[in-house]
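Since the structure comes first, as structure tokens, the remarks are kept for the end.
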Amino acid sequence: MYPSGTSRDFVTVGMPDAAVKESRERIKSALLNSGFGYPSKSVTINLAPANVRKEGAGFDLPMATAILGAMGAVGHADDYMLVGELSLDGSLRPIRGALSIAVCAARRGIRNLLVPADNAAEAAVAEGIQVFGL
């Protein structure tokens, strides 16, 4: 996440699909309704690698967390991965493919996965990763 300029634009780069592009409204509303505020500067989020299409609203939680990190509201934690769709009130909504995400994360050496509570049992089937339902 990179805050820049003085306008309040929100740009996502790196081949996002429509759901990822629409995340800007979910993220902004969720942060404001959760009492965190929202940056006064433009926000650019780079979803790497650029040549791989990003699909689904599961990117909401990690993008919101990146914004909070840039604002100094949360710190960085290694060995953790977050995934989840945000509703406008800031609550988490379940995602599709939690088990596949957990298996892939474990293969990449990620030790902890935070998912919406409704996805925790599914994701916990994966071996080699600790799953936390939020």
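We did not get these values from a lab; they are worked out from the coordinates using the rules stated. Keep in mind that what you see is a predicted model, and the values were worked out from it rather than measured. We place every Cβ from the backbone using ideal geometry, glycine too, and count neighbours over all the protein chains shown.
Relative contact order of segment 1-96, taken over Cα pairs closer than 8 Å and 6 or more residues apart, is 36 percent.
Given a 10 angstrom Cα cut-off, can you work out which residue in Ala73, Ala117, Ala19 is the most mobile in a GNM of the chain? So, out of Ala73, Ala117, Ala19, the one fluctuating most is Ala73. Counted over the chain, the DSSP beta bridges are approximately 30% antiparallel. When the scattering of the chain is computed by the Debye formula from its Cα atoms alone, each counted once and equally, what is log10 I(q)/I(0) at q = 0.14, 0.15 Å⁻¹? Rounded to two decimals, the profile gives -0.62, -0.71.
Looking at the chain as a GNM with Cα springs under 10 Å, which of Arg93, Arg107, Arg26 has the largest mean-square fluctuation? Of Arg93, Arg107, Arg26, the Gaussian network model singles out Arg107 as fluctuating most. Counted residue by residue at 0.36 nm each, then reduced by the alpha carbon distance between them, the extension gain from Arg111 to Asp78 reaches 11.0 nm. Annotation note: GluC sites (Glu not before Pro) in segment 1-98 located in DSSP loop regions with a Cβ neighbour count of at most 14 within 10 Å are Glu22. So what is log10(I(q)/I(0)) for segment 66-110 at q = 0.18, 0.33 1/Å, when the Debye sum runs over its Cα atoms only? Scattering profile of segment 66-110, log10 relative to I(0): -0.74, -1.07. Of all aspartates and glutamates in the structure, the ones whose alpha carbon falls short of 16 Å from that of Lys28, not counting any fewer than 8 places away in one chain, are Asp9, Asp60, Glu85, Asp89. Placing +1 on each Lys and Arg Cβ and -1 on each Asp and Glu Cβ, with no other charges, gives segment 21-74 a dipole about its Cα centre of roughly 120 debye. For the chain, the 222 nm mean residue ellipticity estimated from helices alone, with every DSSP H stretch of n ≥ 4 adding -39500 (n - 2.57) and the total spread over all residues, rounds to -8000 deg cm²/dmol. Dipole magnitude for the chain: about 300 debye, using +1 per Lys or Arg Cβ and -1 per Asp or Glu Cβ, origin at the Cα centre.
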